[in-house]
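Participant: Have a look at this one.
The values are calculated or read from the model by the stated rules, or taken from the named source; none is laboratory data. This is a predicted model, so every value here is computed, not measured. Note that each Cβ is placed from the backbone with ideal geometry, even for glycine, and that neighbours are counted across all protein chains shown. In case anyone asks, the SASA skips ligands and DNA or RNA and just uses the protein heavy atoms, side chains included. Shrake-Rupley method; radii C 1.70, N 1.55, O 1.52, S 1.80 Å.
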Amino acid sequence: QVQLVESGGGLVQPGGSLRLSCAASGSIFSIYVMGWYRQAPGKQRELVATITTGGSTNYADAVKGRFTISRDNARNTVYLQMNSLKPEDTAVYYCNARSLSRIYWGQGTQVTVSS
């Protein structure tokens with residue numbers, strides 16, 4: 001089992017920045033990729049960014065150049081630095097971790113971009 005705990009969401013004005021954190025615990029040796037997804041009201045959950053154990057990253061087109069995913073292996077934590085935030089970035093952001101046999105989700109953290 002893997003447990004994921006997100007933090008760092010909140011209310012920010014357009015153009016502002018936030019950093020999300022996702023702390024993993026449990027059987028983390030089995031995880032080969034972690035990432036962030038988001039779900040806006042009335043929409044499907046969508047990929048934001050992923051990072052492998054080797055450090056390879058992947059981003060949704062909507063966030064390229066604005067968001068950066070990174071990881072601190074010593075702290076078993078993945079981060080999502082979000083800059084130049086837009087109202088359309090408003091959503092619940094979920095941390096995700098994948099092993100060969102399972103997918104794990106965090107409880108989600110709300111990000112609201114509004115003036």
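Participant: In segment 53-70, what count of residues is obtained for those that are under 19 Å from Gln39 (Cβ atoms), out of contact with any strand residue (DSSP E or B) (no Cβ under 8 Å at 6 or more places or on another chain) and of a type outside the set (A, V, I, L, M)?
Facilitator: 1
Participant: Still on this model: Can you list the strands (runs of 3 or more DSSP E) lying wholly within the chain that have 2 or more residues being in contact (Cβ under 8 Å) with a residue 24 or more places away in the chain and open to solvent by 30 Å² or more (accessible area, probe 1.4 Å)?
Facilitator: 2-7, 18-26, 33-39, 77-82, 91-98, 109-113
Participant: Among residues belonging to segment 82-105 that are under 16 Å from the mean Cα position of the chain (by Cα) and aliphatic (A, V, I, L, M), point out the one that is nearest to Ile31 (Cα to Cα).
Facilitator: Ala97
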